[in-house]
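Written below as structure tokens is the structure these notes are about.
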Amino acid sequence: MNTVHHLTTDTFTTAIEQPGITVIDFWAAWCGPCRAIAPQFEHAAELRPKYRFVRVDVDAELWQTERCPASQRVRQRLTELGLSYLARPVPTAREDRTELETATGVRSIPVLIAGAAIIDGELAILDYLDTHNTEPPDAPEQRAKADKAKRRELEEACPKLTPATH
């Protein structure tokens, strides 16, 4: 079974430069026809295993900071849903967020721009993602990968303590 891969700005060029035929679906979560064609696109991927089928979300932008736990949870959910997005770094200091405020009208993070919608705050973003997207079959696998990466990061940051010898 051929799967549909979701590309980001970081993976797009590499994917289309590979030899062979790549079929690209440029889509947006707010676009009814885009959502309607999704099952047919996935079916076409199954029928044509020699071709590479990819999707690119043309509208999603996540304004966030790397170390913000709320931003991390939103990025994790976007990954679980297989959604591509453009990550826009935001300064940690609230008073330095003029670019964010100009683009979205708010200074808090995270903020997701999906089409014409500006969704502010972790809970609102997660709710929006869950009501506008269907969880793909590999979401549990994505969660397991993320959990493994978190464990590895914690183990590196906090080495195991050796028992004290008396």
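Taking the stated definitions as given, is PRO49 surrounded by fewer than 18 Cβ atoms within 10 Å (Cβ to Cβ), over 15 Å from ILE125 (Cα atoms), at pLDDT 90 or above and not acidic (Asp, Glu)? Answer is yes for this residue. Based on what the data block shows, is LEU100 in contact with a strand residue (DSSP E or B) (Cβ under 8 Å, 6 or more places away or on another chain), surrounded by 15 or more Cβ atoms within 10 Å (Cβ to Cβ) and free of Cβ contacts under 8 Å to residues at least 40 places away in the same chain? Taking the combined requirement at face value, the residue satisfies it.
Within region 63-85, the residues that satisfy the criterion of being within 17 Å of ASN133 (Cβ to Cβ), out of contact with any Pro (no Cβ under 6 Å at 6 or more places or on another chain) and outside any loop (DSSP other than H, G, I, E, B) are ARG73, ARG75, GLN76, ARG77, LEU78, THR79, GLU80. Residue pairs whose Cβ atoms lie under 9 Å apart, sitting 6 or more positions apart in sequence or on different chains, and linking a residue in region 130-154 that is free of Cβ contacts under 8 Å to residues at least 12 places away in the same chain and outside the structural domain of ALA28 (by TED's automatic domain parsing) to a partner that is of a type in the set (Phe, Trp, Tyr) and surrounded by fewer than 13 Cβ atoms within 10 Å (Cβ to Cβ), do not occur here. Restricting region 103-119 to residues that are at pLDDT 90 or above and farther than 12 Å from GLU61 by Cα, the residue that is surrounded by the fewest Cβ atoms within 10 Å (Cβ to Cβ) is GLY105. Among the residues of region 77-97, just one is more than 15 Å from the chain's Cα centre (by Cα), surrounded by 15 or more Cβ atoms within 10 Å (Cβ to Cβ) and of a type in the set (Val, Ile, Thr), namely VAL90. Within region 23-31, does at least one residue satisfy the condition of being buried (at least 17 other Cβ atoms within 10 Å of the Cβ) and part of a helix (DSSP H, G or I)? No, region 23-31 contains no residue that is buried (at least 17 other Cβ atoms within 10 Å of the Cβ) and part of a helix (DSSP H, G or I).
The values are calculated or read from the model by the stated rules, or taken from the named source; none is laboratory data. Treat the numbers as computed from the prediction; the structure is a model and nothing was measured. Positions of Cβ are backbone-derived with ideal geometry, glycine not excepted, and every protein chain shown enters the neighbour counts.
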